[in-house]
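First comes the structure, then the notes that go with it.
Only the coordinates and a few stated rules stand behind these numbers; no lab work does. What you see is a predicted model, and the numbers here were worked out from it, not measured in a lab. Cβ: placed from backbone, ideal geometry, glycine included. Neighbour counts: every protein chain shown.
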Amino acid sequence: MANEAKRLVDLLHLPLEESGTQAARLVAFSAPANYRLPSGFTGEASIVQPFRPSFLALEASGLSVTAKPQGYGFDLALVALGRHRGQNEQILAEAASRLRDGATLIAAGFKMDGAVSLRKRLATQLAELEHASRHHGTVFWLTMDPVVRTQLRSLDVERDDRPEGFVTAPGMFSHDRIDPASRLLIEALPEKLKGAVADLGAGWGYLAVSLAQRFGETLGRVDLYEADFNALQAARANMSSVSVPAEFFWHDVRREPIRQRYDVVVMNPPFHESRAADPEIGGDFIRAAHAALKPGGRLFLVANRGLPYEAVLSKSFAAHGEIVRDGHYKVLWARR
Ligand SMILES: C[S@@+](CC[C@H](N)C(=O)[O-])C[C@H]1O[C@@H](n2cnc3c(N)ncnc32)[C@H](O)[C@@H]1O
């Protein structure tokens, strides 16, 4: 992953090797956790990173980082493209809005993530697009003017692929449908639940909203912990349709302690932060859930059938078991 991130940064900086950047006002979108400014850069840099683990790493390296873009009239925008087409398009549209006329926009990504096809699609509308290829990836760049800006901004279209009236956006977990594992978890919950509840890795809020709808006022509160700032904002909007009190924490569940204590924790934990699946992440979520529960409090979680979470539950919880499984997923419970 670190190697992949380094290759992406090399690609992004490639067009700067000749032109230089020294005194520019730069904004970098989705900069990887180990991002460093171009060599010789003496200007002002604003880094945008909504994923909290990467945000914290960038901040610790001394960079000025925000979860959402701030400021306009930048001289240079760098866009690290990811795997989600709709999200890439939204970020390019946002970058175009933030640049002054005459500024440079540089975007880079890997072929396997669709960066080459994105560049080819853009090249049919933007004749001035330049590009280079390296490291199984592509970098493309152009100079901003009102026509280019209008074309790039038109990439951010109103979408009709949201599930059942929820607020979501491309790049968020299961943005275009309710995740079947999360649905199975809700269906498997006991008939009655009460007290304070935490949803760890809450995404755009499906579990929290469903709990509030199903158990209503017997829940004292539902708190949502989520690393993706944009998903948490969507969850905030989705939770406005229910009347249970809620707090929203932009939080890295693996690395930051949870300060409140809960009667119930629910979660559909992530199993990768980069490309490769990593069951350690779910293990960290289970340990965080244990720490966040009051004595006697209960955890309900859903996971792919093959993930070995029972062993982690055995180590810390007083009791645990399985409620249900289908062809793909299992719902587990544990008592602290
Ligand atoms: C499998 S999704 C579940 C989302 C939602 N609870 C649902 O059921 O639809 C896991 C969520 O965990 C979030 N996540 C990943 N790493 C995280 C971390 N270190 N701390 C907090 N949340 C994290 C992801 O952004 C994602 O929204």
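Observations on the model:
- Taking the chain as a Gaussian network of alpha-carbon nodes connected by springs under 10 Å, the highest mean-square fluctuation of the residues 205, 40, 171 belongs to 40.
- Gyration tensor (alpha-carbon) shape descriptor, region 216-314, a/c threshold 1.5: oblate
- Cα-based reach from residue 68 at 15 Å (exclusive), listing aspartates and glutamates while leaving out same-chain residues under 8 positions away: 59, 94, 228
- Semi-axes of the equivalent ellipsoid for region 273-336, Cα gyration tensor, largest first, Å: 20, 15, 9
- Theoretical FRET efficiency, 1/(1+(r/R0)^6), r = Cβ-Cβ of residue 318 and residue 117, R0 56 Å, to 0.05: 0.60
- Compared with the dominant principal axis of the Cα atoms in the chain, helix 85-98 is inclined by about 50°.
- Whichever lysines have a C-alpha closer than 19 Å to that of residue 6, once near sequence neighbours (fewer than 8 apart) are set aside: 111
- For the residue pairs 194/330; 294/315; 192/294, the C-alpha atoms sit more than 20 angstrom apart in 194/330.
- Point-charge dipole on Cβ atoms (K/R +1, D/E -1) for the chain, about Cα centre, debye to 20: 780
- Principal-axis tilt of helix 279-292 within the chain, Cα atoms, nearest 10 degrees: 60
- Whole-Å distance, taken between Cα centres, linking region 30-68 and region 142-188: 24
- Charge dipole (debye, nearest 20) of region 38-163; +1 at Cβ of Lys and Arg, -1 at Cβ of Asp and Glu: 360
- Computed label-point distance, nm, for sites residue 136 and residue 214 using a 7 Å Cα→Cβ extension: 4.1
- Of all segments of the chain bounded by GluC sites (Glu not before Pro) found in a DSSP loop with no more than 14 other C-beta atoms within 10 Å, the longest spans 192-336.
- Angle between the chain longest axis and helix 229-239 axis [Cα atoms, degrees, rounded to 10]: 50
- The chain: radius of gyration and largest Cα-Cα distance (Dmax), Å: 21.7, 66
- DSSP assigns beta bridges within the chain; of those with both partners inside it, close to 40 percent run antiparallel.
- Peptides 234-240, 99-105 ordered by average Cβ neighbours within 10 Å, highest first: 234-240, 99-105
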